[in-house]
């Protein structure tokens, strides 16, 4: 039956690792803004058309 | 190349669609272009500002902005909090904003309240495409902050601010309060961590308690001991980390000789932990660690919801938030920015269009056209000539003026008015302890009595049972559900009210609002709309071409009534009179506006000029050779003469807000309405909604506060609805002060709640909802007490097994939370407060 404590120990270690990861993510501010990162990813996917394709001011 | 093709091809299709729909909407801000829309690049724009932003974005290849959201743009609106860009050159302002500056690379954080959608984020994070000197810009959407790193040798902070203003995202600068103040709002990170730890421990403890729940074979004491030890270990972070907030709160309460809801909770937590440790160490049983974990987890959930629903709005405002931080001082021919506090008597300052006058001053140069709506709610500006005194708080409309400072800021009229009323905001409020703390006091007394009684009963029979029974009573009586019902019920009410347009400061306001039985309204700016006028013409009707002439002349005038007239007589594209009953002249083909020549304006009389060969005069009766007509209260007459002939006059009357009369009628169900106004007379439209004895005219700000106090002395609980700073005193004095606001960035005095002016008619339903919410809380208290009584009956009999505790505690919490949330949602639905529109 002693094996069960080994298993519990192992699982607890894994769980604590995840808890630590959560606390770290929280502290580093990853949950502070849940909106802009999602948008950021959309914007960056588009090709950068800024400098080369400047068009005249009026048309 | 790709961009130019797209921008030609796509908008063409858009334009066709719009034409068939007979509706023009601005390509940038999405507002309907009612009047003369501007055409640019095959798109319609409602104003030059929107067109300019589009031009800038198109030039930089940033038109994706429009692809992301339906109507992303922000129409540029000037208000007092918009700050002059040159002020950002001031070292004291710069120091406040700059986070880091080294080797010419500078990082600043600006507060940009206008950002509201995905497009905004996208544009603000692509600023480097517009200005190469910007290295990186990052948005923090929740706090509406924008961090920008830029090369300062190429691009000054001031230029950066100017750029942001050009694209419609003017940063806000308010006494530096936003950086510290905003951080307090929202859910603190620590609470999430505590919640996470508690949840983690709770789950694991439950897991290790399963053998006990299932009545597992206890023949292996080694195994059971091992599980108990693990549970004990997991409970340590819960008790010493997650639950600390309850102990500190209870301790603070006790030190102030107050029993708050956290006192019985702390008592319960201690009892749980002590009993569990005792059980485990003496081998009596597995302990109540699972209940402990669950209790703290649910309680923290309640705390989280409370913080989550707390409005991230600043309700306590200082005067500095409204006034320009820095003004332009004129020294000789030089203009230099100085901070308001440093102004000395005799200094000359420049106040430009749309800026607030920060100090009392003497008009030295220019024509003052002062809008005092911040102080009184009255938007019609008053004229001031050279030599007149202008009081602080007025807003200049029109050309820049030069003022001579009469007294320093600290002694100004505005400062005194402010301090008289808002000295200490919440402390002066009539004390009304939160219902939950009252309940908590009796509850605590009852729990202690029961545990003492049960203890002494068992002491006479079986000494061994005293400790288990006393702790069991304390454990099971822990008012977990009680503590949850209030934050969830009131928090949910606040959320629903916020969606309906009424934003409350905190959940205590819900309870105070449920008790009101008198309501005091301010008139101007509260019941009447700020800038909406009803317009009709008296006299021989004007032909369209004559109206066009009037428009052409009126638009040259500085007088506010002329501006109203010019706006309403504007030429329109669509020839559908039904769509615009309020506009008087509808012309199909000719969008040309003729030019008025030889324009001459006589202050106080009117304006004259030549339009298309005819002399036009707009102004007073005497100025246009007309006869003065009888005026009703609240009306203004603008006389028109064309070609030397008096043609009649426009009657302009300020309109009451939509549904105003119904709203007052609706409030009668709970409260006696009163109308207090600074004006000498009341518009008939508003008057009709009130009985004559309910109206008080000619009230000064102290009168308003005095009336509210008088009502309170008669035992009434007063709700005050106002808007301007002249209501600030009454709003403070009242039990619940609601300030009505037309724009989110408007100047509202400190109050308990902010009501979106478009939803004024929802006020009765909102009050009704708070009353229902209060009843729902009482019902939920009854439910949780039933659970407690059931639990205590187990406890005094000495039969509270860990299993029963583990079931009873979460069950009661879940029932109570579910009940209040559902009940409040249903109540709001019945009152029609569900949708935003």
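Every read-out reported here was derived from the displayed coordinates using simple, explicitly stated rules and does not represent laboratory data. Predicted, not measured: the structure shown is a model, and the values here were computed from it. Note that each Cβ is placed from the backbone with ideal geometry, even for glycine, and that neighbours are counted across all protein chains shown.
Please work out whether the stretch B:255-311 counts as rounded, prolate or oblate from its C-alpha gyration tensor, where a ≥ b ≥ c are the square roots of the eigenvalues and a/c under 1.5 means rounded, while otherwise a/b larger than b/c means prolate and anything else oblate? Note, shape of the stretch B:255-311 comes out oblate.
The mean number of partner chain beta-carbon atoms within 10 angstrom of a residue's beta-carbon across peptide B:223-229 is 2.
Counting Cβ atoms of other protein chains within 10 Å of each residue's Cβ and taking the mean over peptide B:126-137 gives 1. Gain on full extension, evaluated as 0.36 nm per residue between residue B:534 and residue B:457 minus their Cα-Cα distance, stands at 19.8 nm.
Counting only other chain Cβ atoms within 10 Å of each residue's Cβ, the peptide A:25-36 averages 5.
If you model the stretch B:629-723 as an ellipsoid using its alpha carbon gyration tensor, with each semi-axis the square root of five times an eigenvalue, the axes come out at 35, 15, 10 Å, biggest first. Could you give me D for the stretch B:655-783, from Stokes-Einstein at 37 °C and 0.692 mPa s, where the hydrodynamic radius is the Kirkwood radius over C-alpha pairs? Units µm² s⁻¹, please. Result for D is 210 µm²/s. With a simple spin-label model that places each label point 7 Å from the Cα along the Cα-to-Cβ direction, the separation between residue B:790 and residue B:135 comes to 6.3 nm. As a calculated quantity, the FRET efficiency between residue B:625 and residue B:446 at R0 = 60 Å, using C-beta atoms, amounts to about 0.10.
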